[in-house]
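Chemist: Take this structure first; my questions come after.
Every number here is computed from the coordinates shown, using simple stated rules; none is lab data. On a predicted model such as this, the values are computed, not experimentally measured, just so you know. No Cβ is skipped: glycine too gets one built from the backbone with ideal geometry, and neighbour counts run over all protein chains shown.
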Number of protein chains: 2
Amino acid sequence: MAAPTELAVEPGGRHRAGQASPPGCRPSLSPQRLALAAIELADAEGLAAVSMRRLAASLGVGTMTLYYHVRDKDELLDLMWNEFLGGHLLEEIPADWRAALTEIAQRTRQSYQRHPWALNVAVRPALGLNKLRHLEQYLAVASRITDDPDEQVRIIHSVSDLVVGCTLRELSGQAYRAPIKRTGHHGDGPAPPLEPQPGFDELVTAEELPRLQALRTAGCQLLAPRFEHALGWLLDGIEAAHPGVGQACPRAVGAPAPDPGLVGTAATTRMLPKKRA
Amino acid sequence: MAAPTELAVEPGGRHRAGQASPPGCRPSLSPQRLALAAIELADAEGLAAVSMRRLAASLGVGTMTLYYHVRDKDELLDLMWNEFLGGHLLEEIPADWRAALTEIAQRTRQSYQRHPWALNVAVRPALGLNKLRHLEQYLAVASRITDDPDEQVRIIHSVSDLVVGCTLRELSGQAYRAPIKRTGHHGDGPAPPLEPQPGFDELVTAEELPRLQALRTAGCQLLAPRFEHALGWLLDGIEAAHPGVGQACPRAVGAPAPDPGLVGTAATTRMLPKKRA
DNA sequence: TCCAGTCCTCGTACGGTGTACGACGGCTGG
DNA sequence: CCAGCCGTCGTACACCGTACGAGGACTGGA
């Protein structure tokens, strides 16, 4: 469950899966199936549980079988990352640029929260097809704000950086408050309100940290989510830097809106090569 | 070299290192020394090279000796993280709040760039003393913008989130362009200008990604740094949300400015407990 | 002087990991 | 019938984190 993209997987192993599926069409192994199974594992038991042995076992095959479909564990992670990115592509992009950027950001955020392991994989640079699709969607919005390509890129990066940074912080925070036994449920409940750290008091009472102390006595919670505030400020800044953008809403631009079939079909496409072994 | 904080380490092992050093004062093992050695290792050969065996070897002791000073490898990572954070505390906080936030952000950024492994450790929630000091410095600035503690926290988070997100993206980008042999040098040279991905063209020429294609033909580089733009926008938004802050610069507030001695002395202090074994 | 106790070190061993190598069966085309 | 590929997988190796317990150095009290 909770696989980011649900789609029929065409068989065909290592070399060029482009052809039509052979008649005996059972859903044998494939990079995508590997990725989906690995994601399921990571969602359920954390990224550390994704070992080649466990993944193979969960697929009912021998360990080394995986290495026929995947060069590395790194490549497996790349595939997971690509699949993850495909999971939060928008079907339709809102006409208003603020709404659009907000929607993309929040979808991404939710996706990270559903698949916390993705943050540990995010360091990986692999530029997969879905990453490009994601960028394309961002670009569709940014191009309504400015015509300068460099500026478009700056806008996109600033928003997506904020998303990643904020989500990373939030997830480490809630990783704290559930220090052990990270079973499947991550965001259940609205999170306990107070600063949960035991022994927090001893450290903060140090006369060295007056403002933190004041914050604590004020009952302020350090881990409050409030991502929207930050994004709002950033968008305000962007808007101020690009006058004459706010009102002239140029109707719903024909969003690329990748038809669901396409998203899946080409997803088996090899990631871009990373090592030239 | 390049250890974030350089300071005399007092000996004394597991239980309460508070007392004065015994006469025979050779700099034996200590959590701090472990952390510093581990950081040196991680700087030189990446986080993956930091194994208990290698760390022990680099210190000239047996592997299991480490476990007398550290409960876990996790605790070692916590110590590294704490030491890392201590490495970019400001000695003096600029009077102007924009300059102050910018300086904190950039110092943090540079620190991440010097120690890229820290981003992989950043998922860890451990609230060490240096983390609190870092927060305190942020708070010293945020309290000049608003009196609302919750708003202060929101401001701090938004800035630091942007820093983390941006740095994470940049480092993965340059991790790409130096795919193998990640030796010590990370940011040498201004980075090659063009989109370096081999095979990038094949993917982008897909008619599915028109805007990316346009971007590429426009010669725009996707991995341009330009962190300052994003931060500028964010600060603009914050400033706009808090009118009457920009000009009334209330002189150089007496920054906590932890005297260098203090920063070091207490740094051996145990991290806050994470697992309640 | 002896002994008990604490601090610190470390060798060994166990179960886990990623993966190189080569063997093996089944299918297909000549 | 047979060569050759596709896909599978067992074994082995080096490395990892760490539980366990032995042992040495040094202390303070008897």
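Chemist: Calculate the radius of gyration of the Cα atoms of the stretch A:53-103 to one decimal place, then report Dmax, the largest Cα-Cα distance, as a whole number, both in Å.
Modeler: 17.5, 51
Chemist: May I ask you to order A:159-168, B:209-218, A:125-134 by the average number of other C-beta atoms within 10 Å around their residues, highest value first?
Modeler: A:159-168, A:125-134, B:209-218
Chemist: Next up: Does the stretch B:31-85 come out rounded, prolate or oblate, given a ≥ b ≥ c as the square roots of the eigenvalues of its C-alpha gyration tensor, rounded meaning a/c under 1.5 and, failing that, prolate meaning a/b above b/c?
Modeler: Oblate, since a/c reaches 1.5 and b/c is not below a/b.
Chemist: Could I ask something else about it? Compute the label-point distances linking A:Asp150 to its equivalents in the other copies; points lie 7 Å from Cα along Cα→Cβ; give nm, one decimal, shortest first.
Modeler: 4.1
Chemist: How big is the charge dipole of the stretch B:31-85 about its Cα centre, in debye rounded to the nearest 20, if each Lys and Arg gets +1 on its Cβ and each Asp and Glu gets -1 on its Cβ? Mind dumping the intermediate values first?
Modeler: Working: 5 positive and 8 negative charges, 50 e Å.
Roughly 240 debye, rounded to the nearest 20.
Chemist: Also, I was wondering about something else. In peptide B:134-143, what is the residue-averaged number of other protein chain Cβ atoms found within 10 Å of each Cβ?
Modeler: 3
Chemist: Other chains' Cβ within 10 Å of A:117-129 residues: what's the mean? Don't skip to the answer; put the middle values down first.
Modeler: Working: counts 0, 0, 3, 2, 0, 5, 8, 3, 11, 3, 9, 1, 5.
Rounded to a whole number, the mean comes out at 4.
Chemist: At A:Met64, label 7 Å along Cα→Cβ: distances to the other copies, nm, ascending?
Modeler: In ascending order, 3.4 nm.
Chemist: Now for a different question. Measuring from a point 7 Å out along Cα→Cβ, what nm distances, shortest first, does B:Pro243 have to its partners in the other copies?
Modeler: 1.7
Chemist: Return the sequence-ordered ³J(HN,Hα) values of the stretch B:131-145 in whole Hz as given by the Karplus equation 6.51 cos²θ - 1.76 cosθ + 1.60 applied to θ = phi - 60°, using x for Gly and Pro.
Modeler: Per-residue couplings from phi come out as 4, 5, 5, 4, 4, 4, 5, 4, 5, 4, 7, 4, 5, 7, 8 Hz.
Chemist: Of A:Ala48, A:Asn82, A:Tyr67, which is farthest on the positive side of the dipole of the stretch A:31-85, counting Cα position, with +1 on Lys and Arg Cβ, -1 on Asp and Glu Cβ, and the Cα centre as origin?
Modeler: So the residue furthest toward the plus end is A:Tyr67.
Chemist: For the stretch A:57-80 and the stretch B:69-134, write down the distance between their C-alpha centroids in whole Å.
Modeler: Here the two parts' Cα centres lie 36 Å apart.
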